[in-house]
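Undergrad: For reference, the structure I am asking about is given below.
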Amino acid sequence: MRSGVCLYPGSFDPVTLGHMDIIRRAAKVFEKVYVGVLINPEKKGSFTNEERVDLLKRACADLSNVEIVSFTGLTAELCRKLDIRVLVRGLRGGDDLTSEMRMAKINAQLLPGLETVFLGASSGMEAVSSSLVREIASFGGDISALVPKEICQEIQNRFKRS
């Protein structure tokens with residue numbers, strides 16, 4: 001039985017199968033899953049905000065209870081705006097846990113009552129990251145086992161060397 005609403009925030013530059021694993025699992029637990037695409041003016045991403053939103057929408061097209069939103073600023077402020085009380089975060093290992101616990105505490109201070117639910121990476125997804133995808137793709141490597149098939153070619157094309 002699903003209940004409540006959650007937010008899964010990130011940069012998703014680009015979205016990976018690791019991200020999709022967390023989104024799909026959250027969609028089974030929560031009635032509504034917002035995927036928040038962070039606009040960070042301090043970072044120059046490989047994909048624009050609009051492209052990242054579009055890639056996510058295409059990758060999540062079969063998930064009727066998932067909505068993609070973009071935001072700037074604090075995650076806790078987006079939660080306040082959308083009246084969300086649960087954040088979902090994925091964990092690949094111990095290093096992630098340390099930094100994510102720190103962020104969960106800060107978010108709970110910024111928005112009292114905001115809880116963070118951690119989902120451990122599914123088997124085979126522990127090493128998958130956007131930076132790994134970017135690196136492999138930039139050298140012309142095969143990323144098909146790391147990103148959704150609906151958007152694999154577009155990601156591959158972005159990093160093709162001329």
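Undergrad: Between R102 and L82, with labels modelled 7 Å along Cα→Cβ, what's the label distance in nm to one decimal, could you check?
TA: Placing both labels 7 Å along Cα→Cβ, they lie 2.5 nm apart.
Undergrad: Under a point-charge model restricted to the Cβ atoms of Lys and Arg (+1) and Asp and Glu (-1), what is the dipole moment magnitude of region 37-162 relative to its Cα centre, in debye to the nearest 20? Please report the intermediate quantities before stating the final value.
TA: Details: 17 positive and 17 negative charges, 51 e Å.
So the magnitude is around 240 debye.
Undergrad: On to the next question. Can you give me the angle between helix 17-29 and the longest principal axis of the chain, using Cα atoms only, in degrees from 0 to 90, rounded to the nearest 10?
TA: The two axes meet at around 30 degrees.
Undergrad: Between [x] 20.1; [y] 9.6; [z] 12.3, which matches mean projected area of the Cα convex hull in nm² calculated for the structure shown?
TA: Evaluating mean projected area of the Cα convex hull in nm² on these atoms matches [y].
Undergrad: With springs only between Cα atoms under 10 Å apart, run a GNM on the chain and tell me which of S99, S46, S70 wobbles the most.
TA: Sorting by GNM fluctuation, first place goes to S99.
Undergrad: Averaging sequence separations of C-alpha pairs under 8 Å and six or more residues apart, then dividing by the length of the chain, give the relative contact order as a whole percent.
TA: Working: 252 pairs, mean separation 45.1, N = 162.
Relative contact order, the chain: 28 percent.
Undergrad: Further question on the same structure: Where does each of F71, F30 land when they are ranked from fewest to most other beta-carbon atoms within 10 angstrom?
TA: Working: F71 19, F30 22.
Ascending Cβ contact count within 10 Å gives the list F71, F30.
Undergrad: In nm, give the distance between the simple-model label positions of E150 and L119, each being 7 Å from the Cα along the Cα-to-Cβ direction.
TA: 1.6 nm
Undergrad: Which pairs break 29 Å Cα to Cα here: K57/K160; K43/K160; K28/K81; K105/K160? Spell out each step's value before the answer.
TA: Working: K57/K160 23 Å; K43/K160 21 Å; K28/K81 24 Å; K105/K160 40 Å.
In this structure, K105/K160 exceed 29 Å between Cα atoms.
Undergrad: Label-point separation (nm) for S64 and V29, each offset 7 Å from Cα along Cα-to-Cβ?
TA: Inter-label distance under the simple model: 2.3 nm.
Bear in mind these aren't lab numbers, they're just calculated from the coordinates by the rules spelled out. Here the structure is a predicted model, which means the values were calculated and not measured. Heads up, the Cβs are rebuilt from the backbone with ideal geometry, glycines too, and the neighbour counts pull from every protein chain shown.
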